[in-house]
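S.K.: Dropping a structure here in structure tokens format, bear with me for questions.
The values are calculated or read from the model by the stated rules, or taken from the named source; none is laboratory data. Note that the structure is a prediction, hence the values are computed from the model and not measured. Heads up, the Cβs are rebuilt from the backbone with ideal geometry, glycines too, and the neighbour counts pull from every protein chain shown. What goes into the accessible areas is simple: the full protein's heavy atoms, side chains included, and nothing from ligands, DNA or RNA. Shrake-Rupley method; radii C 1.70, N 1.55, O 1.52, S 1.80 Å.
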Amino acid sequence: MRIVAGRHRGRRLHLPRDGQIRPTSDRAREAVFNVLAHNLLGPGETPTITDQRVLDAFAGTGALGLEALSRGAAFATFLERDRGSLAVLEDNIRTLGESERTRILRADALSPPRATETATLAFLDPPYGAGLAARALAALANAGWFADDALVIVELAKADTFAAPPGFLAIDERTYGQTRIVLLRWRSGRGD
């Protein structure tokens with residue numbers, strides 16, 4: 001697995017040896033970032049990666065947050081609870097020299113700590129088939145992790161059912177093989 005584009009393009013990311021996590025494929029990651037970089041969302045949606053404050057929940061290897069940093073994001077916070085994944089994540093951050101622009105929290109996205117800073121761009125890649133995405137979105141929103149109008153990208157299995165919790169507006173959905181990507185806008189206090 002490699003960083004697809006940006007300043008770290010082509011750099012390899014480490015994977016856990018135990019095979020316990022399923023990192024976002026290079027193809028799906030590239031597709032997501034192409035949507036962001038080339039404004040392929042609907043009218044009125046102008047996503048950008050540059051200078052964003054990123055949250056990578058269910059971080060695993062950190063591939064999504066590290067890809068965002070490679071492409072110009074200002075800072076990334078990673079939430080991960082698994083000790084083995086945390087070691088791989090720390091190694092990937094160190095390998096890319098991104099320690100100054102990252103923060104790792106050993107935390108569960110289903111019961112996250114209160115945010116000290118909000119994210120303008122967030123990635124959630126929960127385990128497929130477990131029905132965790134909507135619960136995690138609600139928990140993260142309640143803990144203050146999303147800036148108003150934050151763009152939130154959720155990766156699911158194609159067959160997973162998903163309904164966005166209140167406050168999240170679905171703006172796009174795409175399928176890549178067995179992966180479904182749902183793009184949401186957080187509309188704090190508006191109940192959209």
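S.K.: How much accessible area per residue does the chain have, in Å², with a 1.4 Å probe?
M.R.: Details: 8850 Å² over 192 residues.
Roughly 46 Å² per residue, with all protein chains present.
S.K.: Hey, what did the chain get for relative contact order, percent, Cα under 8 Å, at least 6 apart? If you can, show how the numbers build up before the last one.
M.R.: Values: 402 pairs, mean separation 32.9, N = 192.
For the chain, the relative contact order is 17 percent.
S.K.: Rounded to a whole number, what is D in µm²/s for the chain from Stokes-Einstein with the Kirkwood radius over alpha-carbon pairs (20 °C, 1.002 mPa s)? Write down the numbers at each step before the final one.
M.R.: Working: Rh = 16.3 Å.
The estimated diffusion coefficient comes to 131 µm²/s.
S.K.: Counting helices only, and only those DSSP H runs with n ≥ 4, report the 222 nm mean residue ellipticity of the chain as the sum of -39,500 (n - 2.57) divided by its residues, in deg cm²/dmol to the nearest 500.
M.R.: Working: 4 runs with 44 residues, N = 192.
For the chain, the value works out to -7000 deg cm²/dmol.
S.K.: Still on this structure, I have one more. Got a number for carbon plus sulfur as a percent of the chain's accessible area, 1.4 Å probe?
M.R.: Within the chain, the accessible surface is 47 percent carbon and sulfur.
S.K.: Could you pull out the GluC sites (Glu not before Pro) across the range 92-192 that fall in loop regions by DSSP (anything but H, G, I, E, B) with no more than 14 other Cβ atoms inside 10 Å?
M.R.: 117
S.K.: Within the chain, what's the longest run with no trypsin sites (Lys or Arg not before Pro) in a DSSP loop and at most 14 other beta-carbon atoms within 10 Å? Give the range, please.
M.R.: 18-113
S.K.: Antiparallel versus total DSSP beta bridges in the chain: what percent is that, nearest 5?
M.R.: Counting DSSP beta bridges with both partners in the chain, the antiparallel share is about 45 percent.
S.K.: May I ask for the net charge around residue 79, where only other residues with Cβ less than 15 Å from the Cβ of residue 79 are counted and Lys, Arg are +1 while Asp, Glu are -1?
M.R.: -1
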